[in-house]
1. Among the residues of segment 69-103, which ones are within 16 Å of the chain's Cα centre (by Cα) and surrounded by 19 or more Cβ atoms within 10 Å (Cβ to Cβ)?
2. Can you find even one residue in segment 139-147 that is in contact (Cβ under 8 Å) with a residue 60 or more places away in the chain and under 21 Å from Thr25 (Cα atoms)?
3. Suppose we filter Leu87, Leu146 for residues that are of a type outside the set (Val, Ile, Thr) and over 16 Å from Cys21 (Cβ atoms); which single one remains?
4. From the list Leu115, Leu170, Leu183, Leu189, which one is outside the structural domain of His59 (by TED's automatic domain parsing), modelled with pLDDT of 90 or more, in contact with a helix residue (DSSP H, G or I) (Cβ under 7 Å, 6 or more places away or on another chain) and farther than 30 Å from Asp13 by Cα?
5. Exactly one condition in (1) modelled with pLDDT of 90 or more; (2) in the same structural domain as Phe162 (by TED's automatic domain parsing) is false for Ser71; which is it?
6. Looking at Ser17, Ser53 in this structure, which one is out of contact with any Phe, Trp or Tyr (no Cβ under 6 Å at 6 or more places or on another chain), at pLDDT below 90 and either among the hydroxyl-bearing types (Ser, Thr, Tyr) or surrounded by fewer than 21 Cβ atoms within 10 Å (Cβ to Cβ) (or both)?
7. Here's a check for you: in segment 140-193, which residue that is of a type in the set (Ser, Thr, Tyr) and closer than 30 Å to Arg89 by Cα is surrounded by the fewest Cβ atoms within 10 Å (Cβ to Cβ)?
8. With (1) aliphatic (A, V, I, L, M); (2) exposed (fewer than 14 other Cβ atoms within 10 Å of the Cβ); (3) assigned to a loop (DSSP other than H, G, I, E, B) as the list, and Val38 as the residue in question, which single condition is left unmet?
Amino acid sequence: MIFGQNTAQRSSDLCVSCGMCCDGTLFTYADLLDGEKVRVDMLGIPTGTHKKSGKDYLHLPCPKFDGGCCSVYANRPQICQRYLCDLTRGVLNGSVSYRRAKARVTALRKRRDDLLSSIPPRVQAEIGDKPHTHLYGLLNAARKVLRILHAGSGFTPDEVRFIERAFEALKRIDRNFDRTHLLRHYGDLMRLAHG
């Protein structure tokens, strides 16, 4: 498919204005291509290796994403060059307007910020005092804690509200950006909370 210059520019503008694939909102890691780890390490981006697959990855949020810009853009890893979220694909293929896409990014950012600032006390106590700036890692840690809390004494009203808001945010991520396995886990928590 050949995209018009205006469409390609708008999708690029959308990526730069969003950055949630880089800042840890959508992912906690991104897989690297074979042989790319040394170059990424030299850029100062923390990397690791999956224990089961032996595949190298970079940790997210990326420290090179700063103020809405990638400071190593010309030398960024291949996964970063190739990745397109579902929303960007929609702008490129014309199924989503640029204005609607920007509104969806803004809405998810607001939901993310609300969740990050409203971690229930018992969950916060279990996951520790380190500041959580990336949504995906927080929700993954919180879901494990919430399961344990429910098995013990059930959920508090604050925890139920947190689960409901997390579930709504994950539905938006799954629908607009990328599929997430956390949606199923929070669906299970919703059933426990309202069962």
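The values are calculated or read from the model by the stated rules, or taken from the named source; none is laboratory data. Bear in mind that the values here come from a model prediction, so they are computed numbers and not experimental data. Counting neighbours? That spans all protein chains shown, and the Cβs are built from the backbone with ideal geometry, glycine included.
1. Listed by number, the residues that qualify are Cys80, Cys85, Leu87, Thr88.
2. So far as segment 139-147 goes, yes, one or more of its residues are in contact (Cβ under 8 Å) with a residue 60 or more places away in the chain and under 21 Å from Thr25 (Cα atoms).
3. Sole residue among the options that is of a type outside the set (Val, Ile, Thr) and over 16 Å from Cys21 (Cβ atoms): Leu146.
4. Selected residue: Leu189, the only one of Leu115, Leu170, Leu183, Leu189 that is outside the structural domain of His59 (by TED's automatic domain parsing), modelled with pLDDT of 90 or more, in contact with a helix residue (DSSP H, G or I) (Cβ under 7 Å, 6 or more places away or on another chain) and farther than 30 Å from Asp13 by Cα.
5. The one condition Ser71 does not meet is (2).
6. Ser17
7. Ranking the candidates gives Thr180 first.
8. (3)
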